[in-house]
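Heads up, the thing below is written out as structure tokens.
The values are calculated or read from the model by the stated rules, or taken from the named source; none is laboratory data. Computed from a prediction, not measured in an experiment: that's the story for all the values here. Cβ: placed from backbone, ideal geometry, glycine included. Neighbour counts: every protein chain shown. What goes into the accessible areas is simple: the full protein's heavy atoms, side chains included, and nothing from ligands, DNA or RNA. Shrake-Rupley method; radii C 1.70, N 1.55, O 1.52, S 1.80 Å.
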Amino acid sequence: MNTVKLYEADAYLGEFTATVKKCISEAGIYKVELDQTAFYPEGGGQPADQGTLGDARVLDVQEVDGTIWHTVTQLLEPGTEVVGKLDFERRFSNMQNHSGEHIVSGIIAREYGYHNVGFHMGSEAVTVDFDGVLTKEQLFEIEQQANDAVLRNVPITASLPDREELAQMEYRSKKEIEGQVRLITVEGYDCCACCGTHVSSTGEIRLIKLLGVQNYKGGVRISMLCGEKAFRDYLIKHTNLVGIAQLLSVKPEEAGDAVVRLKEKNIELKKELKQLKKQLYILEQEGKAQDS
Ligand SMILES: [Zn+2]
């Protein structure tokens with residue numbers, strides 16, 4: 001029977017009790033099936049949750065044909081009850097990033113008609129691929145609109161429409177799939193088929209920062225960060241910029257121009273040095289000729 005997905009009904013559930021159904025040993029690690037779980041399995045661009053099941057650490061979570069398998073560090077006895085605890089800081093960060101990605105993808109679909117064709121939450125940044133080209137100026141506009149959505153603090157809800165309702169609806173990622181389709185709606189911004197976990201209102205995302213855009217497979221790859229990860233990224237970059245500005249004795253906003261001048265000066269000095277080495281070599285050769 002399929003594992004009951006507690007995270008679908010309540011994305012904020014950080015602790016739960018479940019019964020161990022199976023525990024398979026595989027080369028020193030164990031794979032555990034529970035009757036129900038709040039651990040999100042890797043999928044739809046969102047990484048697997050981590051945490052603990054009893055005394056065992058949960059290293060990975062994968063779904064295979066409706067059964068969710070938890071890779072753990074210790075044997076868990078089938079038939080026993082176990083308490084699961086998520087690393088909720090990590091999960092909440094994933095929720096912020098995933099909801100932020102839906103808002104950005106929704107805006108890009110509406111404004112430019114481009115589709116999200118790839119989504120990956122990496123340890124450094126979230127990347128989202130689109131099948132059309134966007135400029136840095138357009139990216140700035142999209143970021144403004146996305147953060148307006150955060151400011152307006154609109155609800156994000158999940159729904160399970162039936163086949164007939166779905167056929168009438170407009171939503172992103174509309175394709176024929178077996179089983180129940182789950183829709184995530186960001187009121188006024190986006191509606192998309194998605195199996196991931198989301199915050200319940202846009203204000204919880206706190207900040208959406210688009211970090212950059214590069215050409216990728218005929219479209220673009222956008223890198224972005226939300227929530228605490230975006231703040232931490234700002235802190236690291238700000239600290240670095242202030243440090244560079246101090247070294248160059250300029251204001252932080254003038255550091256870019258100062259570095260350009262420094263690079264130009266460096267090229268000039270290298271040329272001068274090359275010239276002087278050449279002159280020195282000639283003088284040395286002349287000196288040797290006089291000595292002999
Ligand atoms: Zn999604």
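For the chain, a simple Cβ point-charge model (Lys and Arg +1, Asp and Glu -1, everything else neutral) yields a dipole of about 1280 debye relative to the Cα centre. The alpha-carbon atoms of region 4-86 define a convex hull whose volume equals 84 cubic angstrom per residue. Dimensions of region 214-275 from C-alpha coordinates, computed as largest minus smallest value along each principal axis and given longest first, are 51, 35, 15 Å. Put Arg182, Arg90 in order of accessible area, highest first, and with a 1.4 Å probe you get Arg90, Arg182. Taking the helices alone, the chain has a mean residue ellipticity at 222 nm of -13000 deg cm²/dmol, built from -39,500 (n - 2.57) per DSSP H run of at least 4 residues and averaged over all its residues.
Over the chain, the hull volume per residue, using the convex hull of the C-alpha atoms, is 229 Å³. May I ask you to list the residues of region 47-65 whose amide nitrogen lies under 13 Å from a point 7 Å from Cα along the Cα→beta-carbon direction of Glu178? Under 13 Å, as judged by backbone N against the label point of Glu178, lie 64-65 of region 47-65. Remark: spin-label model distance Val242-Asn153 equals 2.9 nm, labels positioned 7 Å along the Cα→Cβ axis. In this structure region 4-86 gives 47 Å² per residue of accessible area when probed at 1.4 Å with all protein chains present. Dipole magnitude for region 203-261: computed about the Cα centre from +1 point charges on Lys and Arg Cβ and -1 point charges on Asp and Glu Cβ, it is near 220 debye.
Mean separation of Cα pairs under 8 Å and 6 or more residues apart, divided by the residue count, gives the chain a relative contact order of 15 percent. Per-atom-type breakdown for region 1-98 gives carbon and sulfur 48% of the accessible area (1.4 Å probe, protein chains only). Out of every Cα pair in region 91-238, what percent are spaced more than 18 Å from each other? Above the 18 Å cut-off, region 91-238 has 55 percent of its Cα pairs. Residues Leu225, Leu151, ordered by accessible area of protein heavy atoms at a 1.4 angstrom probe radius and largest first, appear as Leu151, Leu225. Look at the dipole of region 1-118 built from charges on Cβ: of Val72, Val82, Gln96, the Cα furthest out on the positive end belongs to Gln96. For region 91-238, a simple Cβ point-charge model (Lys and Arg +1, Asp and Glu -1, everything else neutral) yields a dipole of about 460 debye relative to the Cα centre. Over region 155-221, the hull volume per residue, using the convex hull of the C-alpha atoms, is 129 Å³. Overall, the accessible surface of region 111-270 at a probe of 1.4 angstrom is composed of carbon and sulfur to the extent of 54 percent. Separation of region 71-105 and region 182-214, taken as the distance between their Cα centroids, equals 18 angstrom. Each of Leu248, Gln285, Phe140 was placed along the dipole of the chain (beta-carbon charges, centred on the mean Cα), and the one lying farthest toward the positive end is Gln285. Charge tally around Asp60: other residues with Cβ under 15 Å, Lys/Arg +1 each, Asp/Glu -1 each, net -2.
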